[in-house]
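The values are calculated or read from the model by the stated rules, or taken from the named source; none is laboratory data. The structure displayed is predicted, hence computed values, not measured ones. Virtual Cβ from ideal backbone geometry, glycine too; neighbours counted across all protein chains shown.
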Amino acid sequence: MEKYAIMGGQPLRGEVEIGGAKNAALAILAAAVMTDEPVVIENVPDVRDTNVLLKAMENIGVMIDRSERHTVKMNSSQICDCIIDDEYMKKIRASYYMIGALLGKYKKAEVPLPGGCNIGIRAIDQHIKGFKALGAEVRIAHGSIIAEAKELRGSHIFMDKVSVGATINIMMAATMATGKTIIENVAKEPHVVDLANFLNSMGANIKGAGTDVIRIKGVEKLHRTEYAIIPDQIEAGTFMMAAAASRGDVTVKNVIPKHLECITAKLLEIGCRVEEYDDAVRVIADKAISSTQIKTLPYPGFPTDMQPQMTVALGLAHGTSIVTESIFDNRFKYVDELMRMGASIKVEGNTAIITGVEKYTGARITAPDLRAGAALVLAALVAEGETVIEDIKYIERGYEDFEKKLQGLGARIEKIDSDRDLKKFRFRIAQ
Ligand code: UD1
């Protein structure tokens with residue numbers, strides 16, 4: 001099992017290039033099956049989640065050419081099956097986007113109930129509510145969601161909860177329904193907007209993505225397109241936070257600064273300097289971090305996917321910070337690991353009370369999920385001494401070449417597979 005070996009204590013400095021947004025890619029790749037014509041998608045991150053989804057799509061007959069690392073060429077005219085295999089669904093939750101896509105195009109889909117990161121209960125009632133409102137019959141049998149419709153009809157849907165996944169899934173199905181659909185109280189995340197733009201580039205008629213209400217006029221067919229995915233807000237935010245935690249100076253390139261405003265605002269609040277350029281942000285942390293209060297919220301609020309990274313930075317701030325997690329109910333599991341590195345954090349329900357400490361110390365720890373895993377890497381980078389992080393497969397779900405990008409910023413991090421590799425790492429560090 002691969003691990004990261006990290007020797008901490010180095011402020012990160014330099015430039016890092018951000019890849020395409022994983023969460024946008026998952027939605028867009030799924031939506032691309034909705035046309036029989038060829039589709040070219042650029043800026044697809046080469047991470048485990050997108051790769052697993054592509055395998056699941058190949059398995060139902062989608063032809064995929066990935067001769068260039070970040071470009072996917074697809075043809076979905078030969079789809080032979082609307083049943084996604086359980087093997088893929090267990091690995092990534094987002095294969096449930098195939099329900100919206102297949103239901104929209106073929107009026108039927110069978111997808112096993114999702115797995116994904118273990119960060120709390122992740123209901124799908126809003127997805128099901130939306131599909132039913134469009135006229136589908138939805139049932140759960142043998143561990144799968146089975147959705148079928150003679151015809152999908154436009155509808156007026158009010159979401160009881162702001163859900164990224166449900167917004168995306170319903171938007172896809174409604175794109176090929178008859179008539180008009182209005183979805184209220186939708187998610188406004190950048191990748192919801194990116195998916196709408198992608199579907200529109202294939203001939204869909206979607207308005208309002210990025211606001212609280214999405215209006216869709218159903219179309220009968222979608223056509224070929226070439227499309228480039230937006231940069232990854234969370235990957236960018238993770239490197240911004242790495243600069244803050246390590247008291248470094250990092251220019252994060254190929255980003256949309258507007259998508260990062262919720263993160264930038266908090267970095268300014270805790271005493272970092274942030275310079276914004278057209279497609280880059282520079283974070284300079286030349287003095288001690290100060291404490292703050294944060295509550296995770298749907299976009300444009302502070303993202304839950306940045307909560308662990310922010311907590312790691314605040315663990316080193318002067319004073320007491322309070323972080324409230326309002327999206328997921330079990331997203332502080334990594335705190336135990338962080339406390340083994342010397343953090344002083346008390347978790348009460350969905351709130352973490354963080355008393356800043358002077359330093360973290362290296363330890364042998366385990367990545368509990370994707371974003372918490374990345375956050376623990378940041379903790380290790382600033383810790384005194386050596387850290388070994390196990391289960392980095394979670395981190396690789398969403399970060400492409402994470403250790404290489406960090407090495408480019410001066411971090412002492414290597415992927416290792418054995419005790420022998422660890423000894424070699426120590427030897428190199430000692431040189
Ligand atoms: C997506 C992101 C994930 C991010 C999350 C919140 C992808 C692939 N994943 O996850 O990285 O952390 O948004 O920004 O884009 N809920 C219900 N009923 C539903 C659906 C959701 O109660 O039918 C609840 C969930 O349990 C959760 C909250 O709504 O508490 C938000 O979930 P949602 O926005 O759907 O997250 P995901 O789409 O799963």
| message | What pairs come out if I take residues in the stretch 319-332 that are under 18 Å from residue 269 (Cβ atoms) and pair them with residues that are assigned to a strand (DSSP E or B) and β-branched (Val, Ile, Thr) whose C-beta lies under 6 Å away, six or more apart or interchain? | response | 320/355; 321/354; 322/353; 323/294; 324/351
| message | Here's a check for you: in the stretch 158-208, which residue that is farther than 16 Å from residue 304 by Cβ and charged (D, E, K, R) is surrounded by the fewest Cβ atoms within 10 Å (Cβ to Cβ)? | response | 160
| task | Within the stretch 317-325, identify whether any single residue is surrounded by 15 or more Cβ atoms within 10 Å (Cβ to Cβ), within 16 Å of the ligand (Cβ to nearest atom) and part of a strand (DSSP E or B), and answer yes or no. | result | yes
| remark: Among 77, 155, 67, the single one that is buried (at least 16 other Cβ atoms within 10 Å of the Cβ) and of a type outside the set (Val, Ile, Thr) is 155
| query | Are any of the residues in the stretch 270-293 of a type outside the set (Lys, Arg), within 16 Å of the ligand (Cβ to nearest atom) and more than 19 Å from residue 358 (Cα to Cα)? | reply | no
| query | touching a His at 6+ places or on another chain (Cβ under 6 Å) and part of a strand (DSSP E or B), is that true of residue 145? | reply | no
| request: Return yes or no: is residue 30 at pLDDT below 95, at negative phi, out of contact with any Ser or Thr (no Cβ under 6 Å at 6 or more places or on another chain) and of a type in the set (Gly, Ala, Ser)? | output: no
| query | Across the stretch 179-214, which residue is nearest to the chain's Cα centre (by Cα) among those that are hydroxyl-bearing (Ser, Thr, Tyr) and closer than 21 Å to residue 229 by Cα? | reply | 211
| query | So which of 376, 409, 381, 370 is over 21 Å from residue 305 (Cα atoms) and not basic (Lys, Arg)? | reply | 409
| request: Having 1 or more residues that are in contact with a Cys (Cβ under 8 Å, 6 or more places away or on another chain) and away from the ligand (no atom under 16 Å from the Cβ) is the bar; report the strands (runs of 3 or more DSSP E) wholly within the stretch 14-127 that clear it. | output: 108-112
| query | Just a yes or no: is a residue in the stretch 333-350 assigned to a loop (DSSP other than H, G, I, E, B), in contact (Cβ under 8 Å) with a residue 40 or more places away in the chain, away from the ligand (no atom under 16 Å from the Cβ) and not charged (D, E, K, R)? | reply | yes
